Amino acid sequence: MDVRFREVDPFNCWLWLRFSEVPSQGERNYVDGVFDSWYVIGRLGGFNAENLQVHDEGADLSWMGYDNEEAESVIPALMHNMGQLEYQGDWARCWLDLGTSDGVAIDVLINALRQLDTDVVQIEELVVGGVNTDWPVEDHPDSIFPPSG
């Protein structure tokens, strides 16, 4: 799976997936499940690089001291909104308002989609941001900020 980035507006961002062939309904269900699960974690503030205490600790987590005060002092990183996945031929797209979530959110999605590509459905590429000329987009009805540009 190739990953490409175009212009990214975190408050009005399109994610584009191109499959090797038109995905079956079962394959679509897996893709939808990945995006839905990812969004719920983001909506709850799970993608916050300001509080990665366990990650920063390293390999040995035995008897790690977790600093609750530090965790409570970070600014929330909340994903605001996500549209429904739409499919057209061998393409899928999803609109996002990433809100204040960090880039770690995109990394987690890429990791999950890479595994999905290996185990379930072949994904040729993930494109983050921008628009496809052959599948025009309009202002998303859930967008709370006007498009940039």
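Bear in mind that the values in this text are calculations on the coordinates, not laboratory data. Remember, predicted model here, so these are calculated numbers, not experimental data. Here the Cβ positions follow ideal geometry from the backbone for every residue, glycine too, while neighbour counts run over all protein chains shown.
A few remarks follow.
- Listed residue (Val34, Gln53, Gly65) projecting farthest to the positive dipole end of segment 10-90, Cβ model: Val34
- Acute angle (nearest 10 degrees) that the helix 104-119 long axis makes with the longest principal axis of the chain, alpha-carbon atoms: 60 degrees
- Max mean-square fluctuation residue, GNM over the chain, Cα-Cα springs under 10 Å, options Asp102, Asp32, Asp119: Asp119
- Short-range pairs are left out: with C-alpha atoms under 8 Å and at least six residues apart, the relative contact order of the chain is 47 percent.
- Panel order for Phe5, Phe19, by other beta carbons found within 10 Å of each beta carbon, from fewest to most: Phe5, Phe19.
- Using a Gaussian network model of the chain in which every pair of alpha carbons under 10 angstrom is joined by a spring, one finds that among Leu17, Leu116, Leu61 the greatest mean-square fluctuation is at Leu61.
- In terms of its Cα atoms, the chain spans 52, 38, 23 Å along the principal axes, sorted from long to short.
- Sorted by Cβ neighbour density within 10 Å, fewest at the top, the residues His55, His80: His55, His80
- Each of Val121, Val3, Val74 was placed along the dipole of the chain (beta-carbon charges, centred on the mean Cα), and the one lying farthest toward the positive end is Val121.
- Under 13 Å, Cβ to Cβ, from Glu57 - net charge with Lys/Arg +1 and Asp/Glu -1: -4
- Three-way shape label, segment 52-126, alpha-carbon gyration tensor, a/c 1.5: oblate
- Other residues within the sphere of radius under 14 Å centred on the Cβ of Val22, judged by their own Cβ, net out at -3 (K and R +1, D and E -1).
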